[in-house]
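Comments concern the structure below.
The values are calculated or read from the model by the stated rules, or taken from the named source; none is laboratory data. Computed from a predicted model, the values in this text were never measured in an experiment. A quick note on method: Cβ atoms are made from the backbone with ideal geometry, for glycine too, and the neighbour counts reach across all protein chains shown.
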Amino acid sequence: MSFIITVSVQEGIVMATDSRTTYSQIVKSDEKNITNLAVGSSDHTDKLFVFENLKNNIKIGVSWHGQAHTGIMQIPVLINEFGYYFKNFEQKIEKPKDIPELFFEFIREKLGDISSRKLETGFHIAGYMSLEGKKLPFVYDIKMKNRKVTLLSQGDNPVISWNGEGDILSRLIQPVGVNQNGSFNELPFFPVHAQFFSLMDAVEFALFSVAITKKMMKFQQRATTVGGETEVLVLYPQGEHKWVRKKCLTSNIDGWS
């Protein structure tokens, strides 16, 4: 399933993901009992990317969660091909919403009509665009299944958005309660003060969010679908970017020499 998070603050945008891919296998033990197994497949899956269109002076980060294959190609391959398409796009990109539209236009050209496939894959697309002489951030949540595009943030308002296996973090930072003897009692709630985050706070919060999801899954009776290395990307208003954590191809792999 994966876990992705995007934190937008005044100094920049932080995007983070895990790196695990699992294979879901349905096992029928009899006519009534069905077991859905999530088998570990890879801890080296790329789920976070950065692309730049020099013609429009726009740099974007793209992360994804959910179904890892379209039936034609793997999602990382699809995103990398979109990155090449975006890099070489020559027409004027006037508004942030043009980018999700460009994304779906590319998917139509590459995969055709995907509406019947009901792909359970989602994306975050974030970056900066010059509007009225000022570089303003934007963060979009995109669902491939129903072509739903949600603008999470545009402007200086901070945003923390996560998708995938998000229930663990939700219970930590959103209002929750307990059912005691048939009575629902809300627990004390202390909101996260994202409006005061520095960029380093945003990086730390993103790392914490991925780490706590991985670690909590270890102790729960559930498939551990979040794991592998954590990748973290920072996008700056000035157009620069920095990989805080990034996997690389290497021969230094545990157990192999």
Single condition L249 does not satisfy, out of (1) at pLDDT below 95; (2) in contact with a Gly (Cβ under 9 Å, 6 or more places away or on another chain): (2)
Checked against (1) within 30 Å of S42 (Cβ to Cβ); (2) in a loop (DSSP other than H, G, I, E, B); (3) in contact (Cβ under 8 Å) with a residue 60 or more places away in the chain, G239 satisfies every condition except (1)
Over the range 74-103, the set of residues surrounded by 13 or more Cβ atoms within 10 Å (Cβ to Cβ) and over 19 Å from the mean Cα position of the chain (by Cα) is Y85, F89, I93, D98
Among residues of the range 43-72 being of a type in the set (D, E, K, R) and under 23 Å from L119 (Cα atoms), the residue surrounded by the fewest Cβ atoms within 10 Å (Cβ to Cβ) is D43
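Yes or no, residue by residue, for (1) acidic (D, E); (2) in contact (Cβ under 8 Å) with a residue 60 or more places away in the chain; (3) within 24 Å of T225 (Cα to Cα):
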site	(1), (2), (3)
G83	no, no, no
K92	no, no, no
K135	no, yes, no
V149	no, no, no
W162	no, yes, yes
L172	no, no, yes
S183	no, no, no
How many residues are of a type outside the set (S, T, Y), surrounded by 19 or more Cβ atoms within 10 Å (Cβ to Cβ) and either outside any loop (DSSP other than H, G, I, E, B) or in contact (Cβ under 8 Å) with a residue 60 or more places away in the chain (or both) if we restrict to the range 108-133? 7
Looking at (1) aliphatic (A, V, I, L, M); (2) exposed (fewer than 11 other Cβ atoms within 10 Å of the Cβ); (3) closer than 16 Å to A16 by Cβ, which is the only condition L207 fails? (2)
Per the filter on the range 1-16, residues of a type in the set (A, V, I, L, M) and either at pLDDT 95 or above or crowded, with 24+ Cβ neighbours inside 10 Å (or both) are I4, I5, V7, V9, I13, V14, M15, A16
List the strands (runs of 3 or more DSSP E) that sit entirely inside the range 137-196 and contain at least 2 residues that are surrounded by 11 or more Cβ atoms within 10 Å (Cβ to Cβ). 148-154, 159-164
When you look at I253, is it over 21 Å from F123 (Cβ atoms) and surrounded by 10 or more Cβ atoms within 10 Å (Cβ to Cβ), yes or no? no
